[in-house]
Amino acid sequence: MKTESSTLAFSAFMALLIGCAGITATLASNSQAILLDGLFNLIYFSIALVTIKVSKLASRPDSESYPFGYNYFESLVNLCKGLLILGVSIFALVDAVAALLTGGREISAGIAVLYALFATAACSLTAWVMHRSQRHVNSPLVSADKLNWMVNSLISAAILMAFCLVVLFEQMGWYTVLPYVDSVLVIAVVILCLGVPVRMASQALRELLNKTPEEAIAEPVRQAVARGLVDIDTVEVRVRMVRPGRMLYVMVHVVLPETADVSIASQDELRGRIDNEVRRYYAPVVCDVVFTADTRWAAPSCGLLVKTDV
């Protein structure tokens with residue numbers, strides 16, 4: 001897959017395929033673990049359709065309606081993914097605990113093993129395709145999908161091993177244990193993987209709240225700005241940045257000495273230097289550079305009018 005849209009479309013198709021297979025297998029096996037897997041993929045399919053639309057929007061420039069572009073939609077989609085996965089996981093956890101307390105449930109191990117084998121292979125294949133596509137596509141949407149399919153592969157593999165244990169227990173005659181295997185499996189899988197949707201949702205929420213990106217991104221950008229101004233006498237340089245989705249927005253306020261004589265052409269040249277330095281480290285980026293001789297315009301502000309002495 002060499003384009004973002006084709007990669008996301010493949011991901012959506014696989015989610016639909018595995019989801020339908022999971023619901024069908026649930027009817028035949030009575031396994032809540034398989035039902036959880038099926039619902040997870042069907043929900044992911046519905047979000048994947050929105051993701052494909054958002055990926056097209058994210059490549060557009062800003063407009064009158066959206067003066068800061070469409071990249072916040074990427075963060076919004078990833079937030080919804082994380083919250084929906086978290087919701088399904090909690091629902092499954094509560095249902096599994098209730099079943100465990102009421103004597104467990106009988107399942108058809110043979111059908112369950114076949115489904116788990118299919119799901120493990122399909123999820124692993126999709127995760128591999130997502131990983132390969134990142135050679136050609138730099139997209140937070142694809143990165144989130146890759147993480148989802150890696151987790152999904154681990155969940156399916158755990159389900160496969162557990163159902164193989166059910167078959168083994170049947171052969172050994174441990175019939176009193178069998179009704180509890182499915183519920184214990186669901187509880188274990190949810191607890192082990194609960195951190196993934198939490199991290200996905202929290203990262204997207206930080207982006208929507210305009211929090212500065214992690215230092216691994218922010219510090220090199222600050223250094224890039226400093227390199228762009230290396231031979232300029234400045235009073236203060238303040239760098240602000242946010243990263244919604246794949247886009248990095250950088251606002252630089254450069255406070256110059258009152259005696260500085262910097263023409264408009266020189267300012268534009270400095271803007272170009274700063275932009276080039278930042279792009280060596282990160283792209284896509286929108287870099288706005290403001291020059292002023294008054295520290296007031298670079299200082300943190302809550303938007304209220306600040307009275308100054310005349």
note = Fewest-first ordering of 126, 102 by Cβ atoms within 10 Å yields 102, 126
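For the pair residue 258 and residue 288, what calculated FRET efficiency results from E = 1/(1 + (r/R0)^6), where r is the Cβ-Cβ distance and R0 = 25 Å, to the nearest 0.05?
Details: r = 23 Å, r/R0 = 0.91.
Between residue 288 and residue 258 the formula returns 0.65.
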ask   = Looking at region 41-147 from every direction and averaging, what is the projected area of its Cα convex hull in nm²?
value = 8.8
message = What does the extension gain come out to for residue 235 and residue 62, with contour length at 0.36 nm per residue minus their alpha carbon separation?
response = 59.0 nm
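Can you bin the chain into rounded, prolate or oblate? Criterion: square roots of the alpha carbon gyration tensor eigenvalues sorted a ≥ b ≥ c, rounded for a/c under 1.5, prolate for a/b above b/c, oblate for the rest.
On the way: a/c = 3.45, a/b = 2.74, b/c = 1.26.
Prolate shape, in that a/c is at least 1.5 and a/b is the bigger ratio.
Mean Kyte-Doolittle of at least 0.0 plus a Cα span of 30 Å or more along the axis: flag which DSSP H helices in the chain meet both, please.
Details: long enough: 4-29 (37 Å, 1.36); 32-58 (38 Å, 1.40); 72-101 (44 Å, 1.78); 109-133 (36 Å, 1.23); 140-172 (48 Å, 1.31).
In the chain, the long hydrophobic H runs are 4-29, 32-58, 72-101, 109-133, 140-172.
Among rounded, prolate and oblate, which fits region 220-310 when a ≥ b ≥ c are the square roots of the eigenvalues of its C-alpha gyration tensor, a/c under 1.5 means rounded, and a/b larger than b/c means prolate?
On the way: a/c = 2.38, a/b = 1.28, b/c = 1.86.
Since a/c reaches 1.5 but b/c is at least a/b, the shape of region 220-310 is classed as oblate.
Hey, fewest Cβ within 10 Å first, where do 161, 241 land in order? Intermediate results must be reported in sequence, preceding the final value.
Values: 161 13, 241 21.
The fewest-first ordering by Cβ neighbours comes to 161, 241.
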task = Under 26 Å between C-alpha atoms is the cut-off here; go through the chain and count lysine pairs that meet it, provided they're at least eight residues apart or on different chains.
result = 13
Local electrostatic count at residue 32 - Lys and Arg +1, Asp and Glu -1, tallied over other residues with Cβ under 12 Å = -3
query = So, with +1 on the Cβ of K and R and -1 on the Cβ of D and E, and no other charges, what is the size of the charge dipole of the chain about its Cα centre, to the nearest 20 debye?
reply = 560
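Given a cut-off of under 8 Å on Cα pairs at least six residues apart, what relative contact order in percent is computed for the chain? Spell out each step's value before the answer.
Values: 425 pairs, mean separation 58.3, N = 310.
Relative contact order, the chain: 19 percent.
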key: Pairs of alpha carbons in region 95-243 whose separation is greater than 25 Å (percent)   = 53
remark   = Taking the chain and counting helices only, DSSP H stretches of n ≥ 4 at -39,500 (n - 2.57) each over all residues, the nearest-500 ellipticity at 222 nm comes to -23000 deg cm²/dmol
task = Take the alpha carbon gyration tensor of region 4-69, find the square roots of its eigenvalues, order them as a ≥ b ≥ c, and report rounded if a/c is under 1.5; if not, report prolate when a/b exceeds b/c, else oblate.
result = prolate
task = Determine, from the Cβ-Cβ distance of residue 131 and residue 223 and an R0 of 35 Å, the FRET efficiency 1/(1 + (r/R0)^6), rounded to the nearest 0.05.
result = 0.70
message = Below 8 Å between Cα atoms, with a sequence gap of 6+, how large is the relative contact order for region 215-297 in percent?
response = 37
remark   = By Cβ neighbour count within 10 Å, fewest first, 79, 17 rank 17, 79
task = Using only Cα positions of region 254-301, each an equal point scatterer, no hydration layer, compute I(q)/I(0) via Debye at q = 0.19, 0.23, 0.26, 0.28 Å⁻¹ and quote the log10 values to two decimals.
result = -0.71, -0.90, -0.99, -1.04
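Rule-based calculations on the coordinates, nothing more; no lab input. These numbers come from a predicted model, not from an experiment. Neighbour counts run over all protein chains shown; Cβ positions are idealised from the backbone, glycine included.
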